[in-house]
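Participant: Structure incoming, see below.
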Amino acid sequence: MQVKDFTYDLPQEYIAQKPLEPRDHSRLLVVDKETGKIEHKHFYDLCDYLRPDDLLVFNDTRVIPARLYGTKDTGAKAEVFLLTRINGTDWEVLVKPGKRLQIGAKIIFSDELSCEILDHTDFGGRVVRFAFNGIFEEILDRLGETPLPPYITEPLVDKERYQTVYSKENGSAAAPTAGLHFTNELMEKVKDMGCEEVFVTLHVGLGTFRPVSVEDIKTHVMHKEFYSVSQEAADKINKAKAEGRRVISVGTTAVRTLESAGVSGKVVAGSGWTEIFIYPGYEFRIVEALVTNFHLPQSTLLMLVSTLSTREIMLDTYKEAVKEKYRFFSFGDAMFITDGLK
């Protein structure tokens, strides 16, 4: 299967630049994963498509101010983008410009923060070691910027709008954007109708948004991302599966967490690194329905949602979304891929 098989035409003006207020007033395209039947709603209508015994799984990661600007020891300017924390001082990062940045080079951000290049990575990044005076997280909050995807060109007035209302665990370089549509009131409404809400963690890094640069998708290698599932969450998910209840993932990052922790058909509690790449041919073990945003052409995320349904149904659905002028990508509208639409 080729990357070109996951292409669709999207007018530039349909790429959302700002989030809607309130959060749950974005549009919601509901599609039956088996028949392709489509209904057009708003996100606050989500409960109309949930069943009282459904279990919804959310990714509670929180975006960190991962973009730092500094000066190389040569005097040239540099941008460092934090991707994955290795330990208390070392991180995998992307550096711009970085072609000539060799091991031992230093970048200074302020009197209290600098880093040294330790190694190169297999994805074109660097491993760096930070030196700092004080508490790293507090310094990062002062000096760092919350990263937005490159297709968003307008400034974000309220940084919390790039966080979910349930974000808790610091560590992501990007938001799990399907969750941006939920308000606290909507989550209470979901619980009040009898659904369970469970939280897992996957810190979004390069693996989620790295473009596919090969023609044959089977040869694409995902970059690893850290995930964690508590024993309580695993027990609730496994109980729902055993009782024949639907497990609904809120976002593709929650899908990758559940399918990584559930390779045996049961979710195993613990933490680790996942490089899971879900594309057509993969058989889901845990997830049965998905709340998600609209994804970039030829992306691994479009391949993932095509696997939960079919490539043909998803491309037809995206064509319909373009026709109906839905808003796309991180601050765009949402889709609920489900079953049983009549």
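Participant: Using the alpha-carbon atoms, what tilt in degrees (0 to 90, nearest 10) does helix 252-261 show relative to the longest principal axis of the chain?
Facilitator: That works out to roughly 90 degrees.
Participant: Say we join alpha carbon atoms closer than 10 Å with springs in a Gaussian network model of the chain; which of 158, 235, 141 then has the biggest fluctuation?
Facilitator: 158
Participant: Which GluC sites (Glu not before Pro) does the stretch 214-266 hold that lie in a coil by DSSP with at most 15 other beta carbons within 10 Å?
Facilitator: Counting only loop positions with at most 15 other Cβ atoms within 10 Å, the GluC sites (Glu not before Pro) in the stretch 214-266 are 215, 243.
Participant: Oh, and also: How big is the convex hull of the Cα atoms of the stretch 67-143, per residue, in Å³? Walk me through the numbers on the way to the answer.
Facilitator: On the way: hull volume 6.2 nm³, N = 77.
So the per-residue hull volume is 81 Å³.
Participant: Further question on the same structure: I need to check one value: relative contact order of the stretch 67-143, counting alpha carbon pairs closer than 8 Å and at least 6 residues apart, in percent.
Facilitator: Details: 144 pairs, mean separation 19.6, N = 77.
It rounds to 26 percent for the stretch 67-143.
Participant: In whole Å, how far is the Cα centre of the stretch 156-235 from that of the stretch 22-58?
Facilitator: The stretch 156-235 and the stretch 22-58 have Cα centres spaced 17 Å from each other.
Participant: Estimate the FRET efficiency between residue 282 and residue 322 by the formula 1/(1 + (r/R0)^6), using the beta-carbon distance for r and 30 Å for R0, to the nearest 0.05.
Facilitator: 0.70
Participant: Give the value in nm², to one decimal: projected area of the alpha carbon convex hull of the chain, averaged over all directions. Each step should come with its number before you reach the end.
Facilitator: Details: hull surface 69.2 nm².
Spelled out: convex hull of the Cα atoms, projected over all directions, averaged, 17.3 nm².
Participant: Here's a follow-up. Taking the convex hull of the Cα atoms, report for the stretch 194-316 its projected area averaged over all directions, in nm². Could you put the intermediate results ahead of the total?
Facilitator: Working: hull surface 31.0 nm².
Directional mean of the projected Cα hull area for the stretch 194-316 stands at 7.8 nm².
Participant: Counting other Cβ atoms within 10 Å, which GluC sites (Glu not before Pro) in the stretch 263-342 have at most 16 and lie in a DSSP loop?
Facilitator: Values: sites: 275, 283, 288, 312, 320, 324; in loops: 275, 283, 288, 324.
Here the GluC sites (Glu not before Pro) that fit, given the DSSP loop and packing criteria, are 275, 283, 324.
Participant: Applying 1/(1 + (r/R0)^6) with R0 = 41 Å to the Cβ-Cβ distance of residue 102 and residue 5, what FRET efficiency is obtained, to the nearest 0.05? Mind dumping the intermediate values first?
Facilitator: Values: r = 40 Å, r/R0 = 0.96.
Efficiency for this residue pair is about 0.55.
Participant: Mind listing which GluC sites (Glu not before Pro) in the stretch 1-109 are in a DSSP loop and have 14 or fewer other Cβ atoms within 10 Å?
Facilitator: Details: sites: 13, 34, 39, 79, 92; in loops: 34.
Here the GluC sites (Glu not before Pro) that fit, given the DSSP loop and packing criteria, are 34.
Participant: Right, something else. Compute the distance from the alpha-carbon center of the stretch 118-154 to that of the stretch 274-342, in whole Å.
Facilitator: The two parts, judged by their Cα centres, are 30 Å apart.
Participant: Moving to a separate point now. Which of the pairs 18/96; 37/319; 224/319; 18/325; 224/266; 191/342 have their Cα atoms more than 20 Å apart in this structure? Before the final figure, lay out each step's value.
Facilitator: Numbers: 18/96 26 Å; 37/319 13 Å; 224/319 32 Å; 18/325 16 Å; 224/266 22 Å; 191/342 25 Å.
With Cα atoms farther than 20 Å apart: 18/96; 224/319; 224/266; 191/342.
Participant: Stretched out fully, how many nm does the piece from residue 77 to residue 35 gain, at 0.36 nm a residue minus the Cα gap?
Facilitator: Working: separation 42, 0.36 × 42 = 15.12 nm, distance 5.32 nm.
Length gained between residue 77 and residue 35: 9.8 nm.
Participant: To the nearest 10 degrees, how steep is helix 231-242 against the longest Cα principal axis of the chain, on a 0 to 90 scale?
Facilitator: 30
Participant: Moving to a separate point now. List the relative contact order of the chain as a percent without decimals, with contacts defined as Cα pairs under 8 Å and 6+ residues apart. Numbers along the way, then the final one.
Facilitator: Numbers: 733 pairs, mean separation 87.9, N = 342.
The value is 26 percent.
Each value in this text was obtained by applying a stated rule to the coordinates, not by laboratory testing. Note that this is a predicted model, so its numbers are computed, not measured. A quick note on method: Cβ atoms are made from the backbone with ideal geometry, for glycine too, and the neighbour counts reach across all protein chains shown.
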